[in-house]
Amino acid sequence: MSIDKTSTPPEESAVVNTEAAAGAATAVDPRLLVREQGFAGYVTEFKRKMKAGDLGSIPVVVGLAIIWIIFQSLNSNFLTAGNLSDISVAMVGTGMIAVGIVFVLLLGEIDLSVGSVSGVAGATFAVLNITHGMNEVLALVLAILTGTAAGAIHGFVFARIGVPAFAVTLAGLLFWQGFMLQILGSNGTINLDSEGIVAKLTSYYFSDVAAAYGLAVVAVAGYFLTSFLGNRRREAAGIPSRPLSDLVLRTVLLAVVSFAVAIVYNQHKGLPLAVVIFLAVLVFTDFVLRRTAYGRKVFALGGSVEASRRAGINVELVRISVFAIAGTFAAIGGLFVASKIASANQGAGTGEFLMNVIAAAVIGGTSLFGGRGRTWNALLGVLVIVSIQYGLALEGIAAPVQYMITGGVLLATVIIDAVTRKTQKTAGRA
């Protein structure tokens, strides 16, 4: 038997292994870091995230603040209670559809049909309820299910037949737009009942000041309790958890924001029903994605389809369900858009609407490459877009300039996303 004379001596091998182990043990749970180092732990974790390209929602929040400061300096009416309330109501239709787009983007795919599907939902409701006199609740449910069915069809063709999602949904965009024009008929516009359920989605306000303050209290208390109980479970399991001081600080910051928003609403008409529904949807969908097995499967597919398949995940079923979810939220968003303009018309879901929806999800922080994002990103992104639209409208800026500015913001966001992804790969975190 030959002996390899070039082999490393045991002593040197032990040194090498020790150094490698020391180099590998650089990742520290941020909860443990904050617990041990206090404020210094925040600084250390922030520096680590910056080096690793893990920017989170920081660029969006900073960008939104800059946008508001600029428009307020140009027009003192921008940050008035009335304008901010109008922005929050106007963003709900686009935001609802963007929530569904977030699910699709998490897979690393795209859905180009959501604008047309939203128009079909509004038209379906108007035709069934106004033209044919169907019960409003039943017409509402059928309109939403129309979106679910359309999304499921797209998902089936994509997942089972293997046609790229881009091609499938592009065909869907054309088909559903034609379908909408067909059911609306030659008139092209159907006005909604101003006292009906759909019309009140964006026109109803809880005028009692207790409503806005009550929602703020519920939001703050709910956040504290869920976080506190989550920490207790982590401590019981023997894994790092955030210190109580950290939780209190986060709760105080949330309380400041929540009550500031409540004050703004109460200075105008009160708490908008549309905002309440949108926030409830965001909380529910965030729970589904972050706290359920289904949500983990969606993220897993966005990371690696082949690895997910080997792990036993039904890839086809998850894909179909995600596109069905996108179609459902497209329909819900379409009803909010119809409510805002009090009618269903041939222009619904057309023009720049689709681009605004996709831009809202991407600008908010959802990655185009899949596997990273939250439904709360839809809120931040749509706030940016609608704020730009309202700010430019106050200044009397023409629509072409609005398109160019929105496109520039989207391009900057995509560049940040691409650079962030490269930085994470370099840091070994992608």
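Can you classify segment 52-117 as rounded, prolate or oblate using the Cα gyration tensor, where a ≥ b ≥ c are the square roots of its eigenvalues, rounded means a/c under 1.5, and otherwise it's prolate if a/b beats b/c and oblate if not?
Judged from the Cα gyration tensor, segment 52-117 comes out oblate (a/c at least 1.5, b/c at or above a/b).
Can you tell me the dipole magnitude for segment 174-269 around its Cα centre, using point charges on the Cβ only (Lys, Arg +1; Asp, Glu -1), in Debye to the nearest 20?
Here the size comes out at about 420 debye.
At a 10 angstrom cut-off on C-beta neighbours, averaged per residue, how do the peptides 325-334, 198-207 rank from highest to lowest?
Most protected by this proxy first, the peptides run 325-334, 198-207.
Output wanted: per-residue J couplings in Hz (rounded whole) for segment 203-218, from phi through Karplus 6.51 cos²θ - 1.76 cosθ + 1.60, θ = phi - 60°, x for Gly and Pro.
3J(HN,Hα) across segment 203-218, in whole Hz: 9, 8, 10, 7, 6, 5, 4, 5, 5, 5, 5, x, 5, 4, 4, 4.
5 Å is the cut-off here: which amide hydrogens, built 1.01 Å from N in the peptide plane, fall below it relative to residue 206, excluding neighbours closer than 5 in sequence?
Under 5 Å from the amide H of residue 206: 271, 273.
Put +1 on the Cβ of each Lys and Arg and -1 on the Cβ of each Asp and Glu in segment 279-430; which of 342, 391, 359 then has its Cα farthest toward the positive end of the dipole?
359
From the square roots a ≥ b ≥ c of the eigenvalues of the alpha-carbon gyration tensor of segment 198-248, which class results: rounded (a/c under 1.5), prolate (a/b over b/c), or oblate?
Verdict is prolate for segment 198-248.
If you add up the charges near residue 317, with Lys and Arg at +1 and Asp and Glu at -1, over every other residue whose beta carbon is less than 12 angstrom from its beta carbon, what do you get?
+3
Once phi is turned into ³J(HN,Hα) by the Karplus curve 6.51 cos²θ - 1.76 cosθ + 1.60 with θ = phi - 60°, what whole-Hz value does each residue of segment 392-402 show in order, with x for glycine and proline?
5, 5, 4, 8, x, 6, 5, 4, x, 5, 4
Label segment 286-430 by shape, choosing from rounded, prolate and oblate, from the square roots a ≥ b ≥ c of the eigenvalues of the Cα gyration tensor; if a/c is under 1.5 it is rounded, and otherwise prolate applies when a/b is larger than b/c, oblate when it is not.
Judged from the Cα gyration tensor, segment 286-430 comes out oblate (a/c at least 1.5, b/c at or above a/b).
Please state the relative contact order of segment 212-292 as a whole percent: Cα pairs under 8 Å, 6+ residues apart?
Relative contact order comes out at 39 percent.
Could you work out the local net charge near residue 278, counting Lys and Arg as +1, Asp and Glu as -1, over the other residues with Cβ closer than 14 Å to its Cβ?
0
How high is the relative contact order of segment 353-399, in percent, with contacts defined as C-alpha pairs under 8 Å that are six or more residues apart?
34 percent
Show the residues, 5+ positions off or on another chain, whose built amide H is closer than 5 Å to the amide H of residue 343.
Close amide H contacts, sequence-distant or interchain: 192.
Throughout, read-outs are computed from the coordinates displayed, never taken from laboratory work. As the structure is a prediction and not an experimental result, all values here were calculated from the model. Virtual Cβ from ideal backbone geometry, glycine too; neighbours counted across all protein chains shown.
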